[in-house]
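Beneath this line is the structure, given in structure tokens, with notes to follow.
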Amino acid sequence: MRILNLMPTWQAAVNDGKTVSVKLNLPITFSLKNTANSILDNFQIHWGGLKGKTLTQKELNNSLSENLFVRNEFGDTVDISGLTFIFQRNRTYIEETSTGKINDSLSKVVKKAKKGGLFTIVATIMVDGEFLEIERNFNII
């Protein structure tokens with residue numbers, strides 16, 4: 001609520017010179033992170049040959065045929081219980097979730113991802129009886 005209250009004053013939508021009602025979805029993403037050596041830092045998402053923080057639309061599409069997995073600090077593969085793909089660009093926001101595997105709905109998010117957007121992978125894993133969300137972001141160039 002604090003963030004919403006900090007937003008500038010909204011202006012009414014106008015159509016043919018008259019104010020009109022508009023429905024708006026305002027996606028808000030937040031996370032809590034312990035600044036002292038977080039356990040999340042011990043895990044990494046790997047997907048095909050994707051490296052770094054930038055990729056092309058073609059590289060992203062080519063990754064659909066590859067396996068996505070999470071590794072711990074020892075390099076061991078960790079089971080993924082939930083997988084979410086998010087694409088954000090300007091006013092576009094697309095999010096789909098699966099039960100740990102890349103399915104048709106996740107593939108659609110990849111195919112809709114365009115240059116200039118942010119593609120985020122969120123993998124949910126279980127560690128010591130707790131669910132953790134591991135995140136990896138890519139800027140699409």
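What follows draws every value from the coordinates through simple rules; no lab data is involved. Given the structure is predicted, the values throughout are model-derived calculations rather than measurements. Reconstructed Cβ throughout: ideal geometry from the backbone, glycine too, with neighbour counts over all protein chains shown.
Here are the numbers for this structure:
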quantity	calculated
At R0 = 25 Å, FRET efficiency that the Cβ-Cβ distance of Thr99 and Leu4 yields, to 0.05	0.20
Helix-only mean residue ellipticity at 222 nm for the chain, each DSSP H run of n ≥ 4 adding -39500 (n - 2.57), per residue, nearest 500	-3500 deg cm²/dmol
Ordering of 38-45, 133-140, 97-104 by burial proxy (mean other Cβ atoms within 10 Å per residue, highest first)	133-140, 38-45, 97-104
Formal net charge of residues neighbouring Lys101 (Cβ-Cβ distance under 14 Å; K, R +1; D, E -1)	-4
Estimated FRET transfer efficiency (Glu59, Ile28; beta-carbon r; R0 25 Å; 0.05)	0.30
